[in-house]
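Student: Before I ask anything, here is the structure I am working with.
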There are 2 protein chains.
Amino acid sequence: MYRSHTCGELRISDVGKSVQLSGWVQIVRNLGGMSFIDLRDRYGITQLAFNMEENASACEMARKCGREFVISVDGIVRERSSKNPNRTTGDIEIAVANLTILNESQVPPFTIEDESDGGEELRMRYRYLDIRRNPVKEKMIFRHQIALETRKYLSEHHFLEIETPYLIKSTPEGARDFIVPSRMNPGQFYALPQSPQTFKQILMVAGMDRYFQIVRCFRDEDLRADRQPEFTQIDCEMAFVEQEDILQTFEGLTKSLFKNCLNVTLPDFPRMDYDEAMELYGSDKPDLRFDLKFVELSRMKGKGFSIIDQAESIYGFVVKDKEAAFSNKDINDLTEWLKRPQIGAKGLIYIKFGTETIKSSIGKFYNDQELNDLGLEIGASSGDIVFILLGEKDKTLKQLGDFRLEIARRLNLIPEGVFKPLWVVNFPLLEWNDEAQRFFAMHHPFTSPLPDDKHKMQSSDRTTLSSIRAAAYDLVINGAEIGGGSIRIHDRNLQSKNFEILGFSKEEAEKQFGFLLGAFEYGAPPHGGIAFGLDRLCTIMQGNTSIRDYIAFPKNNTGRDTMIDAPSSIDEKQLTELSIQLKLETQK
Amino acid sequence: MYRSHTCGELRISDVGKSVQLSGWVQIVRNLGGMSFIDLRDRYGITQLAFNMEENASACEMARKCGREFVISVDGIVRERSSKNPNRTTGDIEIAVANLTILNESQVPPFTIEDESDGGEELRMRYRYLDIRRNPVKEKMIFRHQIALETRKYLSEHHFLEIETPYLIKSTPEGARDFIVPSRMNPGQFYALPQSPQTFKQILMVAGMDRYFQIVRCFRDEDLRADRQPEFTQIDCEMAFVEQEDILQTFEGLTKSLFKNCLNVTLPDFPRMDYDEAMELYGSDKPDLRFDLKFVELSRMKGKGFSIIDQAESIYGFVVKDKEAAFSNKDINDLTEWLKRPQIGAKGLIYIKFGTETIKSSIGKFYNDQELNDLGLEIGASSGDIVFILLGEKDKTLKQLGDFRLEIARRLNLIPEGVFKPLWVVNFPLLEWNDEAQRFFAMHHPFTSPLPDDKHKMQSSDRTTLSSIRAAAYDLVINGAEIGGGSIRIHDRNLQSKNFEILGFSKEEAEKQFGFLLGAFEYGAPPHGGIAFGLDRLCTIMQGNTSIRDYIAFPKNNTGRDTMIDAPSSIDEKQLTELSIQLKLETQK
């Protein structure tokens, strides 16, 4: 036996008990004839006390221990003379009778403290030491709780967790697949799933009714800061449902997770059309923790300022009571920020409603009276500042959306510990891509149009097709997309039509999705679903920003696991068995 | 809305209610002016009644429906005139007011009944129809329950489910890896995990204490009937434990699964040494549902029968009261069965203790008195038959073990609905391989020797090394290995020694497991674990034999998913991006 209790368990009521603890040495402190060790395990820290006079051998052994040594001790629980109110075990200590060193440790390359001195790269390479730190450990525990509560909730609501295969078939549509050569089928390859999308639809055809799975998904994309080649989805599908059933069910799940894991009671989730979200916030995942709603400003036209008069669209927002917060330099900075290629705006118009005067970058073309009138119309008055962008409508809205977030960050307008969930609904079904000269599915090619828009699928007019709304929905919390889904097409003809609009030939559609189209011929029920990003859900719920923190063994930006040093080269023999060989570019 | 109730929900107490149901048409029956549809969903079957006089339009619509059409109906629940006591909904039917066909269906290629007329290949290709059948559906539901109960139990016992990566590093030791080319790291490859073994040990070093994961594992092996390239493990690891803690914990889990999912109360699990299991049953996973224990028979030597006198070992077992069940032809059949290359025995000796006479294949060398005396010693008397094999000890025991199972099957000695769990313990640490002229790890290279045998690791004598017992254990139920695990080595030096015995050079060990060896230098706690095969656990618990039935989308013996037709060829462009090309053998 290695322990009778954990290092987070003993209290003042345990005083006098004979106990055994095991764990890691957080720190050794020597004070004259006494030594103290803070002993740490997953559950907490308990102070061990050694007295040279009472027990010289144990005390000497304690003095040999270095940081992160693994030790086991037995002794008696006693009340501490100087208590530590910041620690649950802070009222007691262990008067140690015997100490055994179970394993030694080299000096760790960074401190195992809440605030470590180790940089990210070092901590990733020694992830096993990083995970010993409270903030990382707590995130793993939180993730476990979220997954467990999700499973309990969905199971109570008659969902079945059904495992779908990881070795599937490559489909060129969408993101790039990871592929796996098949040894037994030379020249052929499996692909790792980007999501179990087709399988969960197949399960609905199979009559399974309510399916879920917490499942790994894979995308071989160039990695951005917050993207991982493998990530985890809470993947769900229901049959015999309409959009409303799905929104209700998963609003319920979300509320239950917030209640059970954070003790936060969320109100009913508001809903917003995609068009409205774009029009008011320039984003399909608006952050509603702060205001800064957009106003349409074509009313500014007709004063002889050609840039405005000729603009396709003009949008702006009012920042209340912050006129004084923006110096000329600030405004120049912001203009430069907007002009960066990531944003791509041409410039920034502002109107500062000072207590004395109105200052504006368009003061030449609008007199104070006109600006005051405009302010009255859009709710800007003394002390406020208005920012305005103009140009092509879609671009302008997106630029202003990014700008809105930047202003909120700079002005600290985003409150902490506040959650603003929102269903964004009625997404467009199709997105025209100028480069490819074809439509792409905004959600995915199995998404159903809204019943009212179904007839438009027969049109060949690009504007009509662009206006088709999908039965698609995203769950957004605090400006992050937590989940998304849609009602699926369950009719083979409509699905074929959709593939046709998306530019698939009959043969391509058959080759890639033939099994799904085939299944639709044997009694497919109406169905729909949703998938949540588990990594992101955890991140947002705890008010953090990096999903990587919630992954036990994440990969870096080049897809490497620096701890195990993967990927790596493999034996020639393995390649031969798989009927492949390397074809490296010798020059770049 | 598509339904107010499911097809398994309505009872006599619901009579008079206005309801809406949706599901699949199991069968349409037309009786004069009446039609009946059995409507099926995941939850059951409800009878729908249509009356041509009362509602001609609905009735005509009903007569248009074919098998597996998806329909939605509303109507009133009424008591049936002729009840069906075999169905939970058999007291009622729905007097249908309206019927809507939601989707038509082609005639399915096999019947959607408990006993289908479809062969396995056809059912796999149309797995979405196969899953609609009760026996398949029920297996998916059972699997879901087992997984959920496992998670609840382990979470209540402070285990954390932590996800480990699927894109890891290839290690030549053990089975063959599936590999995944890395696009971003040309010439380098990930491997899919055969198990999260090293990661779970890393998590123990990371202080996570009690880990589990229900996780997919991958092995690129030639497939036998009951093997899948991807399979699911309940993977567990604990720190600060000894073997006894692990056995107790997972005996508890197993009992709880049997209780909660089968309502079966298992007694405490007996334990048996590996050596004893081999000596008594010729198997490290003995089926204890029937007896047929082996007896060692070297006492037969010394009667001048050279085959026996010169045999390295002689073993046999007594079949009580079955002497008459074996004709000469039966014994010839059994002898042929034993001589097949899969078994490889040289021949079979029998002694039939008839009521009148003793008949034996060795009657020439032993008189009746001698055979009677032998019978007395080994508990065989009138009416019994004794089977005896001889030869090299290990081979003979294994052959007799297979023979024991075959006799039990032929004589129907295996009772149904009985569960005989058993811990097999004290496995050998090392297994000598004559072909490779080296030791292999019997369990895996991280397994610890028993404390008492640790000193033998320093020996270079093959017999001494072969005699080292491991702190390894298997959970066996009804002759199937349900789970297995071990206490791990947590000392870097001992681990290095083990790699040395296994013939790894320092460089190879470093290259393949350097990160684990490195982790062991930073305070690795004593730890150990176990992994259960989820697919097999479900199979054995329900008294079945094929794990494939418990996998929603299994692969066939050549690793193909015939439903989605994977693996398949991929675009040249994909290969180029991955810096690989095909190298097919043109001739075979």
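The values are calculated or read from the model by the stated rules, or taken from the named source; none is laboratory data. Keep in mind the model is a prediction, meaning the values are calculated, not measured. Counting neighbours? That spans all protein chains shown, and the Cβs are built from the backbone with ideal geometry, glycine included. Surface accessibility is based on the protein's heavy atoms, side chains included, excluding ligands, DNA and RNA. Shrake-Rupley method; radii C 1.70, N 1.55, O 1.52, S 1.80 Å.
Student: Having 2 or more residues that are within 14 Å of chain A (Cβ to nearest Cβ) and touching a strand residue (DSSP E or B) at 6+ places or on another chain (Cβ under 6 Å) is the bar; report the helices (runs of 4 or more DSSP H) wholly within segment B:494-585 that clear it. Before the answer, list the steps.
Tutor: Details: elements: B:506-519, B:534-541, B:572-577.
Because the criterion is at least 2 residues that are within 14 Å of chain A (Cβ to nearest Cβ) and touching a strand residue (DSSP E or B) at 6+ places or on another chain (Cβ under 6 Å), the helices (runs of 4 or more DSSP H) in segment B:494-585 that meet it are B:534-541.
Student: Tally time: how many residues in segment B:251-271 are touching a strand residue (DSSP E or B) at 6+ places or on another chain (Cβ under 9 Å) and open to solvent by less than 20 Å² (accessible area, probe 1.4 Å)?
Tutor: The qualifying residues number 6.
Student: Now a separate question. Test of understanding: among A:Asp91, A:Asp130, which residue is open to solvent by less than 70 Å² (accessible area, probe 1.4 Å), more than 9 Å from chain B (Cβ to nearest Cβ) and either more than 27 Å from B:Ile202 (Cα to Cα) or touching a Gly at 6+ places or on another chain (Cβ under 9 Å) (or both)? If you could, list the steps in order and put the result at the bottom.
Tutor: Numbers: A:Asp130 fails: more than 9 Å from chain B (Cβ to nearest Cβ).
After applying the criteria, what remains is A:Asp91.
Student: So which residues in segment B:432-452 are exposed (fewer than 13 other Cβ atoms within 10 Å of the Cβ) and over 12 Å from B:Ala471 (Cα atoms), if there are any at all?
Tutor: Filtering segment B:432-452 down to residues exposed (fewer than 13 other Cβ atoms within 10 Å of the Cβ) leaves B:433-437, B:451-452.
Of everything in segment B:432-452, those that are exposed (fewer than 13 other Cβ atoms within 10 Å of the Cβ) and over 12 Å from B:Ala471 (Cα atoms) turn out to be B:Asn433, B:Asp434, B:Glu435, B:Ala436, B:Gln437.
Student: Condition check: in contact with a Ser or Thr (Cβ under 8 Å, 6 or more places away or on another chain) and at positive phi. Does B:Phe258 satisfy that? Explain how you work it out, then say what you get.
Tutor: Numbers: in contact with a Ser or Thr (Cβ under 8 Å, 6 or more places away or on another chain): yes; at positive phi: no.
Considered against the rule, which asks whether it is in contact with a Ser or Thr (Cβ under 8 Å, 6 or more places away or on another chain) and at positive phi, B:Phe258 comes out as no.
Student: Quick check on this structure: which one of B:Gly44, B:Gly16, B:Gly32 is more than 11 Å from chain A (Cβ to nearest Cβ) and free of Cβ contacts under 8 Å to residues at least 12 places away in the same chain?
Tutor: Numbers: B:Gly44 fails: free of Cβ contacts under 8 Å to residues at least 12 places away in the same chain; B:Gly16 fails: free of Cβ contacts under 8 Å to residues at least 12 places away in the same chain.
On inspection, the qualifying residue turns out to be B:Gly32.
Student: Still on this structure, I have one more. Restricted to segment A:216-234, and to residues that are touching a Cys at 6+ places or on another chain (Cβ under 8 Å) and open to solvent by 10 Å² or more (accessible area, probe 1.4 Å), which residue is farthest from the other protein chains (Cβ to nearest Cβ)? Working first, answer last.
Tutor: At the first step, the residues of segment A:216-234 found to be touching a Cys at 6+ places or on another chain (Cβ under 8 Å) are A:230-233.
Filter once more, keeping what is open to solvent by 10 Å² or more (accessible area, probe 1.4 Å): A:230-231, A:233.
Details: A:Glu230: 6, A:Phe231: 10, A:Gln233: 12 Å.
Per the stated criteria, the residue is A:Gln233.
Student: Identify the residue in segment B:346-362 that is closer than 22 Å to B:Leu400 by Cα and hydrophobic (A, V, I, L, M, F, W, C) and, among all such residues, is surrounded by the fewest Cβ atoms within 10 Å (Cβ to Cβ). Break it down into steps so the answer makes sense when it comes.
Tutor: Here is the first cut: in segment B:346-362, the ones closer than 22 Å to B:Leu400 by Cα are B:346-353, B:359-362.
Among the residues that remain, those that are also hydrophobic (A, V, I, L, M, F, W, C) are: B:348-349, B:351, B:353, B:362.
Details: B:Leu348: 21, B:Ile349: 20, B:Ile351: 25, B:Phe353: 21, B:Ile362: 17.
The qualifying residue surrounded by the fewest Cβ atoms within 10 Å (Cβ to Cβ) is B:Ile362.
Student: Mind checking which residues of segment A:179-208 are in contact with a Lys or Arg (Cβ under 8 Å, 6 or more places away or on another chain), within 22 Å of B:Ile214 (Cβ to Cβ) and at the interface with chain B (Cβ under 8 Å from one of its Cβ atoms)?
Tutor: Listed by number, the residues that qualify are A:Tyr190, A:Ile202, A:Ala206, A:Met208.
Student: Looking at segment A:318-330 only, could you name the residues that are in a strand (DSSP E or B) and exposed (fewer than 12 other Cβ atoms within 10 Å of the Cβ)? Give the derivation first.
Tutor: Residues of segment A:318-330 in a strand (DSSP E or B): A:318-319.
Those that are in a strand (DSSP E or B) and exposed (fewer than 12 other Cβ atoms within 10 Å of the Cβ): none in segment A:318-330.
Student: Is there a residue in segment A:74-81 that is within 14 Å of chain B (Cβ to nearest Cβ) and farther than 30 Å from B:Arg151 by Cα?
Tutor: Within segment A:74-81, the first condition is being within 14 Å of chain B (Cβ to nearest Cβ), and the residues that meet it are A:74.
Checking the rest, the ones that are also farther than 30 Å from B:Arg151 by Cα come to A:74.
Yes, some residue in segment A:74-81 is within 14 Å of chain B (Cβ to nearest Cβ) and farther than 30 Å from B:Arg151 by Cα.
Student: Does segment A:75-88 contain any residue that is crowded, with 19+ Cβ neighbours inside 10 Å and out of contact with any Gly (no Cβ under 9 Å at 6 or more places or on another chain)?
Tutor: If we filter segment A:75-88 for residues that are crowded, with 19+ Cβ neighbours inside 10 Å, which is where we start, we get A:75, A:77.
Those still in the list that are out of contact with any Gly (no Cβ under 9 Å at 6 or more places or on another chain) too: A:75.
The answer is yes; a qualifying residue exists.
Student: Something else now. Hey, among the residues in segment A:136-159 that are more than 9 Å from every other protein chain (Cβ to nearest Cβ) and free of Cβ contacts under 8 Å to residues at least 12 places away in the same chain, which one's least open to solvent (accessible area, probe 1.4 Å)?
Tutor: This residue is A:Glu138.
Student: On to the next question. Across segment A:235-274, what is the number of residues that are within 14 Å of chain B (Cβ to nearest Cβ) and small (Gly, Ala, Ser)?
Tutor: Result for segment A:235-274: 1.
Student: Hey, another quick one. Consider segment A:1-13. How many of its residues are within 14 Å of chain B (Cβ to nearest Cβ) and either more than 19 Å from A:Ser105 (Cβ to Cβ) or hydrophobic (A, V, I, L, M, F, W, C) (or both)?
Tutor: Qualifying residue count, segment A:1-13: 7.
For (1) within 44 Å of the chain's Cα centre (by Cα); (2) of a type in the set (D, E, K, R); (3) closer than 18 Å to B:Phe240 by Cα, each residue gets a yes or a no:
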site	(1), (2), (3)
A:Cys7	yes, no, yes
A:Arg29	yes, yes, no
A:Gly33	no, no, no
A:Met52	no, no, no
A:Ser57	no, no, no
A:Glu68	yes, yes, yes
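Student: Could you grab me the full set of residues in segment B:160-178 that are at the interface with chain A (Cβ under 7 Å from one of its Cβ atoms), open to solvent by 10 Å² or more (accessible area, probe 1.4 Å) and touching a helix residue (DSSP H, G or I) at 6+ places or on another chain (Cβ under 6 Å)?
Tutor: Listed by number, the list holds a single entry, B:Glu161.
Student: Does B:Phe365 qualify as being surrounded by 14 or more Cβ atoms within 10 Å (Cβ to Cβ), among the aromatic types (Phe, Trp, Tyr) and in contact with a strand residue (DSSP E or B) (Cβ under 9 Å, 6 or more places away or on another chain)? First the steps, then the outcome.
Tutor: Details: surrounded by 14 or more Cβ atoms within 10 Å (Cβ to Cβ): yes; among the aromatic types (Phe, Trp, Tyr): yes; in contact with a strand residue (DSSP E or B) (Cβ under 9 Å, 6 or more places away or on another chain): no.
No, not satisfied.
Student: While we're here: Could you list, ordered by first residue, the pairs with Cβ atoms under 6 Å in which the first is in segment B:235-248 and in the same structural domain as B:Ile202 (by TED's automatic domain parsing) and the second is of a type outside the set (Ser, Thr, Tyr) and open to solvent by 40 Å² or more (accessible area, probe 1.4 Å), at least 6 apart or interchain?
Tutor: What qualifies is B:Met238/B:Arg210; B:Phe240/A:Arg3.
Student: Moving to a separate point now. For B:Glu392, state whether it is under 29 Å from B:Val476 (Cα atoms) and either crowded, with 16+ Cβ neighbours inside 10 Å or of a type outside the set (Phe, Trp, Tyr) (or both).
Tutor: Values: under 29 Å from B:Val476 (Cα atoms): yes; either crowded, with 16+ Cβ neighbours inside 10 Å or of a type outside the set (Phe, Trp, Tyr) (or both): yes.
Answer is yes for this residue.
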